[in-house]
1. Look at ILE342 and say whether it is farther than 30 Å from TRP61 by Cα, more than 18 Å from the chain's Cα centre (by Cα) and in contact (Cβ under 8 Å) with a residue 12 or more places away in the chain.
2. If you go through the range 263-275 one residue at a time, do you hit one that is of a type in the set (Val, Ile, Thr) and outside any helix (DSSP H, G or I)?
3. Output the number of the condition that TYR185 fails; it satisfies all remaining conditions of (1) of a type outside the set (S, T, N, Q); (2) surrounded by 24 or more Cβ atoms within 10 Å (Cβ to Cβ); (3) over 23 Å from GLU123 (Cα atoms).
4. Go through (1) outside any loop (DSSP other than H, G, I, E, B); (2) more than 21 Å from GLY378 (Cα to Cα) and name the single condition GLY210 misses.
5. Check THR163, THR202, THR196, THR215 and return the single one that is surrounded by fewer than 16 Cβ atoms within 10 Å (Cβ to Cβ) and either out of contact with any strand residue (DSSP E or B) (no Cβ under 9 Å at 6 or more places or on another chain) or outside the structural domain of LYS114 (by TED's automatic domain parsing) (or both).
6. ALA142 - would you say it is among the small types (Gly, Ala, Ser), within 28 Å of LEU188 (Cβ to Cβ) and free of Cβ contacts under 8 Å to residues at least 60 places away in the same chain?
7. Among the candidates LEU208, LEU173, LEU229, LEU192, single out the residue that is closer than 14 Å to LEU139 by Cα and either in contact (Cβ under 8 Å) with a residue 12 or more places away in the chain or touching a helix residue (DSSP H, G or I) at 6+ places or on another chain (Cβ under 7 Å) (or both).
8. If we keep just the residues of the range 47-75 that are of a type in the set (S, T, N, Q) and out of contact with any helix residue (DSSP H, G or I) (no Cβ under 7 Å at 6 or more places or on another chain), which is surrounded by the fewest Cβ atoms within 10 Å (Cβ to Cβ)?
Amino acid sequence: MEAELREFERDADAWFAENTPGEPDFMLPLTFMEVGTDQQFEFLREWQNKVYSAGYLGAAWPKEYGGGGLTQKHQDIATRAMKKYRGPIMLNAIGINWTGPLILDIGSEAHKQKYIKGILSAEDIWCQGFSEPENGSDLGNAQLRAVRDGDEYVLNGSKIWTTHGHYAKYMILLARTDLDAPSKYAGLSFILTPMTVPGIETVKIKKLTGEHGFTQTFFTDTRIPADGLMGREGEGWKIAMQTLEYERSARGGQAGGYVLTEVDPLEILQLASKAKRDGQSVLADPVVRDKLMDFVIDAQAMALNGKRARISPLVRDCPQALPLMSKLTHTEFALRINEFAISLMGTKGGYYVDEPNAIDEGYWHRSYLNAFSATIGGGTSQIQRNIIGEHALSLPKTR
């Protein structure tokens with residue numbers, strides 16, 4: 001196995017060295033939530049398909065459904081090579097990170113045969129239908145109705161913050177199928193929903209970053225096949241919670257690659273080396289140097305915690321603590337480090353993308369604003385702290 005892995009590593013390194021595209025003549029998104037133009041979308045779709053076709057995405061997913069049939073170690077090697085050569089992000093984030101693992105874990109054989117390969121190739125783009133305009137983080141109070149009518153469900157209601165909603169072929173949908181259930185959670189069902197049927201309208205939402213990566217999705221007497229139901233009616237809450245575990249990196253099984261560009265503290269060092277304050281480099285300031293080292297230490301700690309979480313004897317006392325921490329620590333780190341980068345720019349920190357005086361073409365500002373969405377999606381940082389307190393530290397539930 002070791003010899004096989006070394007050969008795979010050599011092949012992956014050579015492939016990404018040769019095939020990773022250079023910067024195009026248009027701005028590439030830093031995260032999957034920032035895809036705002038058809039040009040960006042098609043470029044990233046083609047890239048994901050190319051990586052998949054070469055065997056470097058979904059390497060550990062079952063071969064009979066379109067995966068590589070290899071091991072997670074193979075996929076980890078491929079993802080490291082992708083990061084080494086700073087390849088573009090994978091487009092189909094909700095498919096490869098949440099929907100695919102969920103279907104492989106609990107989906108029917110028909111679901112696996114129908115959906116998995118299209119997720120990996122980016123032929124079938126997926127979106128998520130959880131949040132609603134009136135219910136925000138109160139996911140259990142979702143009100144979109146799904147009424148069974150023979151072999152179909154009839155949908156009425158809306159979902160919001162639907163990333164890639166206007167591009168998606170399918171949605172993972174949390175809908176209310178029983179108004180008389182004993183609790184609001186018991187009345188929910190989880191349905192794999194086509195987005196290309198009559199009665200669905202997506203309306204783009206302009207974001208802080210200036211593009212339209214989100215939509216609001218409206219369902220009006222929309223008929224969808226009932227065979228998209230996952231589990232049984234009324235089990236939607238349990239399945240949605242499992243889906244969020246993938247989204248929060250608390251459960252494995254993702255296809256590989258990465259769907260957002262992580263900031264390297266050494267990039268901040270390069271920025272700081274060019275920044276001036278009172279005619280001197282800001283690196284002459286011991287406070288700045290101290291903050292930079294704090295970021296380097298934090299980044300290394302998060303990387304080591306990721307490895308530690310996979311070594312059972314090191315996490316036996318509280319095996320879920322590190323996975324539950326991962327989403328919170330990474331997203332809050334991204335917010336802090338980008339804010340610090342902008343603080344180094346002085347008055348030029350006020351210039352954004354497409355403005356002539358913007359430093360690095362507004363990269364740090366885009367990265368900073370995008371970081372806010374990551375602290376909200378999959379559960380806000382406040383919710384994440386509650387989850388850690390209750391499930392890792394065994395503290396009483398908050399009121």
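The values are calculated or read from the model by the stated rules, or taken from the named source; none is laboratory data. Keep in mind the model is a prediction, meaning the values are calculated, not measured. Heads up, the Cβs are rebuilt from the backbone with ideal geometry, glycines too, and the neighbour counts pull from every protein chain shown.
1. yes
2. Scanning the range 263-275 turns up at least one residue that is of a type in the set (Val, Ile, Thr) and outside any helix (DSSP H, G or I).
3. All conditions pass for TYR185, except number (2).
4. The single condition GLY210 does not satisfy is (1).
5. Among THR163, THR202, THR196, THR215, only THR196 is surrounded by fewer than 16 Cβ atoms within 10 Å (Cβ to Cβ) and either out of contact with any strand residue (DSSP E or B) (no Cβ under 9 Å at 6 or more places or on another chain) or outside the structural domain of LYS114 (by TED's automatic domain parsing) (or both).
6. yes
7. LEU173
8. Per the criteria, the residue is SER53.
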